[in-house]
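The values are calculated or read from the model by the stated rules, or taken from the named source; none is laboratory data. This one's a predicted model, so the numbers in the text were calculated from it and none came from an experiment. Cβ placement follows ideal geometry from the backbone for every residue including glycine, while neighbour counts extend to all protein chains displayed. Side chains included, ligands, DNA and RNA excluded: accessible areas come from the protein's heavy atoms. Shrake-Rupley method; radii C 1.70, N 1.55, O 1.52, S 1.80 Å.
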Amino acid sequence: MPSLTRKLAAALTLGALFLAGCGAAPADTAEAPAAPAVVKIGVIAPLSGDAAAYSTEMQAVIQNRLAKINTPTAATKVEVVYEDGKCEGASAVAAFHKLVDFDGVRLFLGGVCSSETLAVAPLLQQAGAVAVSALSSNPAIAGVSPAQFSLSYRDDDIGKGLATELGKHTKVAIISEQIDYAQGIHDATVANLKKLAPNTQIVADEVFPTGETNFRNLLAKVLAAKPEAVLFDPNVGKNAANLLRQAAELKWNGIKFYSNAAYLAADVGLAGVPNTFSNGMVLIDAPQIDTPELAALQAEIKAAGGSTENLGAYYTASTADGIDLLAKLAIEFHGDAAQIQTALATSTFDGFIGKGLKFGGEAFVQGVGVGKYVLTDGKAVYQK
Amino acid sequence: MHFLQILLTSFVFGTQVMLLAVALHTTYAVSRIFQLAFGAVGTALAYAVWAGGQAGFGWFSNFILFLILAGGLAAAHFYLLEKVTVHHHTLIGTLLSFAFGMGLEALLAIIFGADGKQLTAETFAPWHFGELTLPFSGVLTLAFGGVLATGFVFILEYTQAGRQLRAVAENTALATGQGVQARRVRLIIFGVVTLLAGATGWLRAWDTLLTPNLGFNLITVAFIALVVGGPRARLSGTVAAAYLLTVVPDLTVSLTSGDLSTSWKPVLVFGLAAVLLLLRPNGIFTRTQRAV
């Protein structure tokens, strides 16, 4: 009687399971989950392409902080896993899925580019993950996901700063790259210009696709519109220097130039741009941070063979604070992304950026202003 | 004056496209295959020049490096495709050439990185013609294009090498029967055209920025120019199409005010190509013969 044998086997199996369940300790007397030996933090960053130099320096900052976090006596070690977001949405999403599905990561430092962050943020809650970006500044990040935070300043603060400068002129032109970072700054600048300087006319507003390397006709078109000031708004990287190099070939005759962070880095490659052209260019970007703690951090990284010249002071600080904050909360909450998200939204923390910083339920860290720099002999000089 | 400045700058880009279109036309003539790898080949040779500069090579050593690598790439490209050429597998040949180019670009990105590089740190002052401005790289491009166009016409029309090339292009079997070594003609053409592609890549990189996909952007427009000009038609059609497909979209985008940004250029290129192909499907200078 085979069917009877099968029924008997099933009954015995169920009975064994029932007894095993009865033998388990009741929930209210269960032991607290042990602290994990390793917590993983995923980093989605442009490891290749024009923005790769920033990622290389971020890795140096992260390595420095990990050495301080992963002490020999630490009960929980923090491990960082890197994936290439290529500074664009599709690759960032692929990187995210790889980290979540194959590496089991739920905590993220990233993206770096706003394109990466904007693409990944909608996926966080479903994946049970939380992310803190150190560099993404597009204001569209706010409101995409309660699990996405950013330690960067906001582009609309940059836009306000640029609009304040551009508003000193009656005719201005804007040249921006078709990428989330640059378009965020463009939209914020235009909106603030309308509010702060309604008499300032935008006589040319040109957009070029990412990957475009020949700007001569676009520059000639802008020059023909006879602006008094031009805002160069490209993405960071060597192509920004290419844009300026080609602009320097034309005769701009006293026109004032403004830009974003693209020309802040020391090795942006302004070698082919005459100082007579670029001197006096006003850059609006993150505020300068010159605390002894940050100076010591930068010195340590330099001594270890690394560099923070592309990141600059603010983004070095935000990267260090990002990894420190995530690691601290990961250890405290045993890697529980939901609890970490709540802690990020409600807590106050001290870091290299400053003291008493908080997100206050918002996506962006509160209370960060902007700084003004002026290009002098190829270097950006902070204006106090 | 603004119109003339745009026209001048567009002519530089048009000349770079024309040079690659001539490369495509010439190799198509002797193989009936669209050799789409020449964009990547030109980029690879530009990277060789850059790498030589970074290593501290002088201009002569760099030129020798350029020649050696051009020879290697020409041979690799030729032998990859010779069998399919002889057996008239034209679609497979086109795909093989495309794959060779894509693979070469990917390799360049792996070896040199995807970030843009300035071909040379040396700066040359732009040339001014009254109110018009042309970078030195643009002056070289126009000069080189002019010399090349004249040279090609001369070789094709007035030399034995040109007659052999035209014989192979028109009827390979008959030419072989007359004692022309078609395979040798093809090999020489590949060598010469590889040098041409390398020079174009070098000029383009100097004029803009050296990136792994520098050649892809050029070869796409050059290929469309070849199709619009008529692959089996005279070279003059391809040359004219190359300039039409670069100058007209550039002028349209640059002279219109409003929302027509640089991003519209590919739309205009394809739109213009479609119109020209509908009007003149056999080539812009070719009339369809009435069947008798």
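Looking only at the range B:196-212, which residues are under 14 Å from the mean Cα position of the chain (by Cα) and either at the interface with chain A (Cβ under 10 Å from one of its Cβ atoms) or not in a helix (DSSP H, G or I) (or both)?
Within the range B:196-212, B:Arg204, B:Ala205 meet the criteria.
Hey, among the residues in the range B:219-266 that are under 21 Å from B:Leu142 (Cα atoms) and of a type in the set (Phe, Trp, Tyr), which one's surrounded by the fewest Cβ atoms within 10 Å (Cβ to Cβ)?
Among those residues, the one meeting the criterion is B:Tyr243.
If I ask for residues that are without any contact (Cβ under 8 Å) to a residue 60 or more places away in the chain and open to solvent by 20 Å² or more (accessible area, probe 1.4 Å), which ones from the range A:98-129 would you list?
Of everything in the range A:98-129, those that are without any contact (Cβ under 8 Å) to a residue 60 or more places away in the chain and open to solvent by 20 Å² or more (accessible area, probe 1.4 Å) turn out to be A:Lys98, A:Asp101, A:Phe102, A:Ala119, A:Pro122, A:Leu123, A:Gln125, A:Gln126, A:Ala127.
Sort through B:Val193, B:Val185, B:Val147 and tell me the only one that's open to solvent by less than 10 Å² (accessible area, probe 1.4 Å), assigned to a helix (DSSP H, G or I) and more than 14 Å from chain A (Cβ to nearest Cβ).
B:Val193
Is there any pair linking a residue in the range A:68-97 that is assigned to a strand (DSSP E or B) to one that is loosely packed, with under 14 Cβ neighbours inside 10 Å, with Cβ under 6 Å and at least six apart or on different chains, and which?
A:Lys77/A:Val38; A:Glu79/A:Val38; A:Val81/A:Asp103
Of all the helices (runs of 4 or more DSSP H) wholly in the range A:192-305, which have at least 1 residues that are of a type in the set (Ser, Thr, Tyr) and more than 9 Å from every other protein chain (Cβ to nearest Cβ)?
Working: elements: A:216-224, A:238-247, A:275-278, A:292-303.
Here the list reads A:275-278.
Find all pairs meeting these conditions: Cβ atoms under 8 angstrom apart; at least six residues apart or on different chains; first residue within the range A:179-199 and touching a residue at least 60 places away in the same chain (Cβ under 8 Å); second residue open to solvent by 20 Å² or more (accessible area, probe 1.4 Å) and of a type in the set (Val, Ile, Thr).
A:Ile179/A:Thr210; A:Tyr181/A:Val236
Mind telling me which of the residues A:Ala286, A:Ala363, A:Ala343, A:Ala261 ends up being crowded, with 23+ Cβ neighbours inside 10 Å and either modelled with pLDDT of 90 or more or farther than 30 Å from A:Ala229 by Cβ (or both)?
Working: A:Ala286 fails: either modelled with pLDDT of 90 or more or farther than 30 Å from A:Ala229 by Cβ (or both); A:Ala343 fails: crowded, with 23+ Cβ neighbours inside 10 Å; A:Ala261 fails: either modelled with pLDDT of 90 or more or farther than 30 Å from A:Ala229 by Cβ (or both).
After ruling out the rest, the residue left standing is A:Ala363.
For the range B:10-29, enumerate the residues that are within 9 Å of chain A (Cβ to nearest Cβ) and touching a Gly at 6+ places or on another chain (Cβ under 7 Å).
Within the range B:10-29, just B:Val12 meets the criteria.
Filtering the range A:172-199 down to residues that are over 21 Å from A:Leu218 (Cβ atoms) and out of contact with any helix residue (DSSP H, G or I) (no Cβ under 6 Å at 6 or more places or on another chain), which residue is surrounded by the most Cβ atoms within 10 Å (Cβ to Cβ)?
Result: A:Ala197.
Within the set of pairs 6 or more residues apart or between chains, which connect a residue that is more than 13 Å from B:Ile188 (Cβ to Cβ) inside the range B:159-171 to a residue that is basic (Lys, Arg) and open to solvent by 70 Å² or more (accessible area, probe 1.4 Å) with Cβ atoms less than 9 Å apart?
Cβ pairs passing all conditions: B:Ala169/B:Arg232.
A:Val132 passes all but one of (1) open to solvent by 40 Å² or more (accessible area, probe 1.4 Å); (2) under 12 Å from the mean Cα position of the chain (by Cα); which number fails?
(1)
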